[in-house]
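Everything below concerns the one structure shown next.
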Amino acid sequence: MKKNGFTHSFLGNFLPALLIFAVSLAACAPKEPPLPSELILYNWVDYMPQSVMDAFAKEYGITIKYVVYESQEQAVESIQSGEKYDLVVLQPEVIQPLLEENLLKTLDYRNIPNFKYVSANFRDLAFDPGNKHTIPYHWGTTGIMARTDLVGRPITSWNDLWDPAFAGKVGIWPIPRSLIPIALKSLGYSANSEDPAELEKARSRLLELKPNAVIISNMEETVVPMLESGEVEITFGWAYDASLAQESSQPIEYIIPQEGAILWTDHFVIPVDANNPRGAELFLNFILQTEIAAQIVNESYYPMAVDGIESLVLPEILSDRVIFPDNDQLQNAEFTMTIPPHLKPLYEDIWASFMEGIE
């Protein structure tokens, strides 16, 4: 009886003191600082629906400042020069150099649990094993668009861009990692050729294209108005352009060339010196929700690498083989890969040759 009485008395006095001590420790524990009220997203023009950014701001009290770049090269140079961005959309071929320079943050997946919805085919890609630094965004094909009433014949090949009949009527986006692979594919080579002799032939091929070329500003949202006006009769383009063209009164067709489409992916990265990296991870987690991912697809007309959204995507988008191509359309298609460091000067010189004299 004495033992039980002693134990009861001891615990009765000790437990309240222990509780007070624990509360005191919690009060002394460092608190996470409040998140900045602004998130800077660096991206292509009109490449994130405003409705999604507004919904994020409403839910988390973080306003998104949307900053636009004109090219992937400009985006990379801005990061390298120390410009401050919290979240940037980039293609794989320009991500690798930034990784080598330790300019990208390692992601904290405790803040991005919705990564579980990312499609397996877009995880653990060669340029970023384990997705340590990147989250996939959009993907799709690069193909040919043509005003069928103006070109006067069926368009089937990348080589059609070089037809002298289209002199001064071929729309060209000044995007080297689209156009150089197109030149290589037109010659029957891999879009990712590492053969200097093949690349030199691609240089000559691009110089032959210049008389046909009408340069499209990368600040333009789409080439469709130029096709509608007849300023451009044929061009290369993407699913977004093709979807807008479906609403046009003019006959504009999207074609996957017989040599194969160029496949592309975009990925989110967080610069290592971002002011609001946790807010950036919060935004990534937000857009990986199936409802939000489907909303992005429905407004952008580009697929997202997120599983489980099919029932939420508009039927007319889900059934559109331009946006969601089937396996037959993807035969001979190639993703553009990271340029090996030893070939980067040659690629840059080829592009400079093409752009020389072009305003």
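The values are calculated or read from the model by the stated rules, or taken from the named source; none is laboratory data. Bear in mind the structure is a predicted one, so any value in this text is a computation, not a measurement. Using ideal geometry, Cβ is built from the backbone for each residue, glycine included, and neighbour counts are taken over all protein chains shown.
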Residue count, the range 289-338 (criterion: under 15 Å from residue 138 (Cα atoms) and not charged (D, E, K, R)): 26
Which listed residue is modelled with pLDDT under 95 and either in the same structural domain as residue 335 (by TED's automatic domain parsing) or in contact with a Leu (Cβ under 8 Å, 6 or more places away or on another chain) (or both), from 154, 176: 176
Members of the range 156-172 that are surrounded by 19 or more Cβ atoms within 10 Å (Cβ to Cβ) and assigned to a loop (DSSP other than H, G, I, E, B): 169
Meets criteria (assigned by TED's automatic domain parsing to the domain that holds residue 225 and either modelled with pLDDT of 95 or more or under 14 Å from residue 268 (Cβ atoms) (or both)) for residue 169: yes
Some residue of the range 127-148 being part of a helix (DSSP H, G or I), free of Cβ contacts under 8 Å to residues at least 40 places away in the same chain and either in contact with a helix residue (DSSP H, G or I) (Cβ under 8 Å, 6 or more places away or on another chain) or among the small types (Gly, Ala, Ser) (or both): yes
Residue 329 outside any loop (DSSP other than H, G, I, E, B) and of a type in the set (S, T, N, Q): yes
The lone exception for residue 135 - which of (1) closer than 28 Å to residue 297 by Cα; (2) not assigned by TED's automatic domain parsing to the domain that holds residue 296 it fails: (2)
Any helices (runs of 4 or more DSSP H) falling wholly within the range 254-323 and containing at least 1 residues that are assigned by TED's automatic domain parsing to the domain that holds residue 98 and in contact with a strand residue (DSSP E or B) (Cβ under 6 Å, 6 or more places away or on another chain): 277-287, 290-300
Residue 189, sole failed condition from (1) touching a Leu at 6+ places or on another chain (Cβ under 8 Å); (2) part of a loop (DSSP other than H, G, I, E, B); (3) surrounded by 17 or more Cβ atoms within 10 Å (Cβ to Cβ): (1)
All positions within the range 123-155 that are buried (at least 20 other Cβ atoms within 10 Å of the Cβ) and not β-branched (Val, Ile, Thr): 128, 133, 136, 137, 138, 140, 143, 145, 146, 147
The range 210-235 residues that are in contact (Cβ under 8 Å) with a residue 24 or more places away in the chain and assigned by TED's automatic domain parsing to the domain that holds residue 163, paired with ones that are in a loop (DSSP other than H, G, I, E, B) and hydroxyl-bearing (Ser, Thr, Tyr) (beta carbon under 8 Å, 6 or more apart): 218/71; 224/248; 227/248; 228/248; 228/249
Long-range neighbours under 8 Å by Cβ, at least six apart or interchain, first residue of a type in the set (Phe, Trp, Tyr) within the range 52-70, second part of a loop (DSSP other than H, G, I, E, B): 56/62; 60/35; 66/48; 69/44
